[in-house]
Structure formats: structure tokens, C-alpha cells
Amino acid sequence: MRRLEILKYPDERLKIPSKEVSDFGRIFSEFLESLIFTMKSSPGCVGIAAPQVNVHKRVIVIDTSSSKHKENKLSHGLLVLVNPIILQREGEIVIREGCLSVPDYTGNVKRHYWVKVEAFDAKGNFIEFDTEGFEAVVIQHEIDHLDGKVFLERLVSPKELFKRKVYR
């Protein structure tokens, strides 16, 4: 397993919309292992999308279970979401977001507090679930990457961008 290289903003490849996954075979499974390893080996990281490692497929991996974030009221643990779609959304939350692809900054972004998601898991099984708070925010953030967007495009205002603290 290897740690994958993260594309950094303003790399134009981060703007490329991702294509749906149709092959859940061995090569895809090996890629998922490396994507999960990359997320877990990145300090403070709770999510990663395939386009961040220059693979333009609709795949995100999240795990908010060890986060101490105050909005972390619900966590499904490690989630591999392939071809994810947000079916419903409710409520609003303004939350400070960071990103592996924007390593030097964080910013306040308005997201939906609750979402219903459908996707396929790592083996191609259909799943559907509701989530809220921090986990819902992370899913929305990562799906944005699949559509070629970074959180900088969703800042509440330009004044809501902050120099990042250093992770140890």
C-alpha cells in the first residue's frame, strides 16, 4: 500500500469533474486501499476524494469517528462511497473547513446540516443512509471535489478565510 500524492490548489486538475465508477474489480480495490491509507496517514484528515489524487472517478472515503469536532454527533465510521448522490438535504450549518488540497488555509462554509445519501460501497453494493452535523458536512465537502469544486468557492465571505494551524 502506498500514500498517494495530493494535488494542491490551484492545480487545474482539481477542476475536472469525475466520471462514475462501473468496475469494482481488483484494480479498483487496490486503489481504494491506497486512498484509505492516504487519508488515515494525513494528520487531521477525515475525508478524501479520488480527484484529489488525480483519479477522476466518483469515489470518496470518509471517517469522522475519531474527530473531536463539536458537531460530530453521528458517525458511521469508515465510509467508502462510490457514485454518491445527495437525495435530500435540510437545515444549515456554518462550519470551519480545511482540505488536504488547500493545506495552508481553512474557511467558514455554509452547508446543509442533514443529508440523505445513496451510493455504492467498496464492493458495489447499494447503500442509502441519513447523516447529520459534521459527517454530513464532510460528505458534502468531498462530493464537491467530485464536481471539480474546492471549499474556497463556498466561503461565507472572503473575510472568512484563515491561515491554518499546524497539525502535529
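The values are calculated or read from the model by the stated rules, or taken from the named source; none is laboratory data. No experiment lies behind these values; they were computed from the predicted model shown. Note that we place each Cβ from the backbone using ideal geometry, even for glycine, and neighbour counts take in every protein chain shown. With ligands, DNA and RNA removed, areas are computed over all heavy atoms of the protein, side chains included. Shrake-Rupley method; radii C 1.70, N 1.55, O 1.52, S 1.80 Å.
Here is how the numbers come out for the structure above:
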item: The range 11-18 - phi-based ³J(HN,Hα) in whole Hz, Karplus 6.51/-1.76/1.60, Gly and Pro as x; result: 3, 4, 5, 5, 8, 6, x, 8
item: Two-site FRET efficiency, ARG13 against GLU92, from Cβ-Cβ distance with R₀ of 25 Å, rounded to 0.05; result: 0.20
item: Value of Rg/Rh across the range 1-47 [Cα atoms, Kirkwood radius]; result: 1.00
item: Added length on full extension, which subtracts the Cα-Cα distance from 0.36 nm per residue, HIS69 to LEU155; result: 29.0 nm
item: Length-normalised contact order of the range 1-158 in % [C-alpha pairs under 8 Å, at least 6 apart]; result: 25 percent
item: Cross-link partners of LYS110 among aspartates and glutamates (Cα-Cα below 16 Å; sequence separation of 8 or more within a chain); result: GLU71, GLU90, GLU92, GLU97, GLU132, GLU135, GLU142, ASP144, GLU153, GLU160
item: The range 1-126 - percent of accessible surface contributed by carbon and sulfur, probe 1.4 Å; result: 51 percent
item: FRET E, pair LYS40, ASP130, Förster distance 25 Å, beta-carbon r, rounded to 0.05; result: 0.50
item: Peptides 79-91, 24-36 ordered by average Cβ neighbours within 10 Å, highest first; result: 79-91, 24-36
item: Spin-label model distance (nm) - LYS165 vs VAL21, 7 Å beyond Cα toward Cβ; result: 3.3 nm
item: The chain, accessible area per residue, ligands and nucleic acids excluded (1.4 Å, Å²); result: 54 Å²
item: Nearest-20 debye value, the range 85-160 charge dipole, Cβ charges on Lys, Arg, Asp, Glu; result: 200 debye
item: Amide H contacts of ARG164 (H built 1.01 Å from N, under 5 Å, at least 5 apart or other chain); result: TYR105, THR106
item: Mean-position separation - Cα centroids, the range 9-51 and the range 75-90, in angstrom; result: 15 Å
item: For the range 56-140: relative contact order, % (alpha-carbon pairs under 8 angstrom, 6 or more apart); result: 30 percent
item: Net charge over other residues, Cβ less than 11 angstrom from the Cβ of VAL46 (K, R count +1; D, E count -1); result: -2
